[in-house]
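In what follows, a single structure is set out as structure tokens and then discussed.
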Amino acid sequence: IFQPTVEQMATMVNKGDTAWMLISAALVLMMAVPALGLFYGGLVRTKNMLSILMQTFIIACVCSLLWVCYGYSMAFTGGSPFVGGFSKAFLSGVSASSYAATFSNNVYLPEYAYVIFQMTFAAITPALIVGAFAERVKFTPIILFCIGWSTLVYYPVAHMVWYWAGPDFLKANPSDAGYLYGLGALDFAGGTVVHINAGIAGLVGCLFAGKRTGLNKEPMPPHSLTMTMIGASLLWVGWFGFNAGSNL
């Protein structure tokens, strides 16, 4: 069974692949900041526009920091089918000469590019949740919730669905994969890890938050569907990075 060394992996990196993954990461980042903020912000009342913008912005910032501290390690290292370990915490061992597997034999990416691409997914997913209870939860509890949810839910689910050793190592290590991946689950670009995951969290969150104060008693029209249109359009553009980038 052929298992390439680090030196051999270095010869299997394509500059075009790397450039595309960095472009895709930028497109997904655009989906969080500013697209999601504008999309949600246009749907709330004028007085809450800045609040929603700051929620999505700060969530993206905080979750990006969490990702490089321990999120990447929990999601994309082996050791357990349910969650990774902390061997790559604070990006330990990740350098300009470390590489990440793609879906193709003998094709690799610089690990930094892969870390950043996956970081943008980890940054936007918690921000998706806040639209379910927009205008109803204070800023600090939302940030604390996103930290806890990312740690206890997103990273383990990402590991179970997306983690595997890579095609060049799969035959030698058939069990070195996430639990759901090992069962045959194929989540190409976040249908499970991002959308079902965040959707359920949003549903539970809005049930806990309850109805808006003044519901059915005072008008609550969206204050700017123009901004919502702009945000939705930017999300649409960003999806080319979200989906096509996930082809690795």
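The values are calculated or read from the model by the stated rules, or taken from the named source; none is laboratory data. Keep in mind the model is a prediction, meaning the values are calculated, not measured. So basically every Cβ, Gly included, is an ideal-geometry build from the backbone, and we count neighbours across all protein chains shown. Areas reflect the complete protein model, heavy atoms only, side chains present, ligands, DNA and RNA absent. Shrake-Rupley method; radii C 1.70, N 1.55, O 1.52, S 1.80 Å.
Brief remarks on what is shown
- If R0 is 41 Å, the Cβ-Cβ spacing of residue 213 and residue 188 corresponds to a FRET efficiency of close to 0.50.
- Chain lengthening between residue 203 and residue 80 when straightened (0.36 nm per residue, less Cα-Cα): 41.4 nm
- For region 85-145: relative contact order, % (alpha-carbon pairs under 8 angstrom, 6 or more apart): 19 percent
- Among (1) 17.6, 50; (2) 19.2, 69; (3) 17.5, 59, the entry derived from the coordinates for Rg and Dmax of the Cα atoms in Å: (2)
- Highest-fluctuation residue, 143, 200, 124 considered, GNM on the chain with Cα pairs under 10 Å: 200
- For residue 100, the amide hydrogen comes within under 5 Å of the amide hydrogens of 109, 111, counting only partners 5 or more places away or on other chains and with H modelled in the peptide plane.
- Derived scalar couplings between HN and Hα for region 179-188 equal 4, 6, 4, x, 7, x, 5, 10, 10, 5 Hz in order, rounded to whole Hz, by the Karplus curve 6.51 cos²θ - 1.76 cosθ + 1.60 (θ = phi - 60°), x for Gly and Pro.
- Couplings 3J(HN,Hα) for region 161-174, derived from phi with the Karplus relation 6.51 cos²θ - 1.76 cosθ + 1.60 (θ = phi - 60°), are 8, 9, 6, 7, 6, x, x, 6, 10, 5, 5, 6, 10, x Hz, where x marks Gly and Pro.
- Where the chain is the region considered: accessible area per residue in Å², 1.4 Å probe: 49 Å²
- Estimated 222 nm signal from helices in the chain, with DSSP H stretches of n ≥ 4 weighted -39500 (n - 2.57), rounded to 500: -14500 deg cm²/dmol
- Percent carbon-and-sulfur accessible area, the chain, ignoring ligands, DNA and RNA, probe 1.4 Å: 70 percent
- Phi-derived couplings, Karplus 6.51 cos²θ - 1.76 cosθ + 1.60 at θ = phi - 60°, listed residue by residue for region 68-79: 6, 6, 8, x, 4, 5, 5, 8, 10, 10, x, x Hz, with x used for Gly and Pro.
- Based on C-alpha pairs under 8 angstrom that are at least 6 apart in sequence, the chain has a relative contact order of 34 percent.
- Computed label-point distance, nm, for sites residue 90 and residue 54 using a 7 Å Cα→Cβ extension: 3.1 nm
- Calculated over region 1-128, the projected area of the Cα convex hull averaged across directions stands at 9.1 nm².
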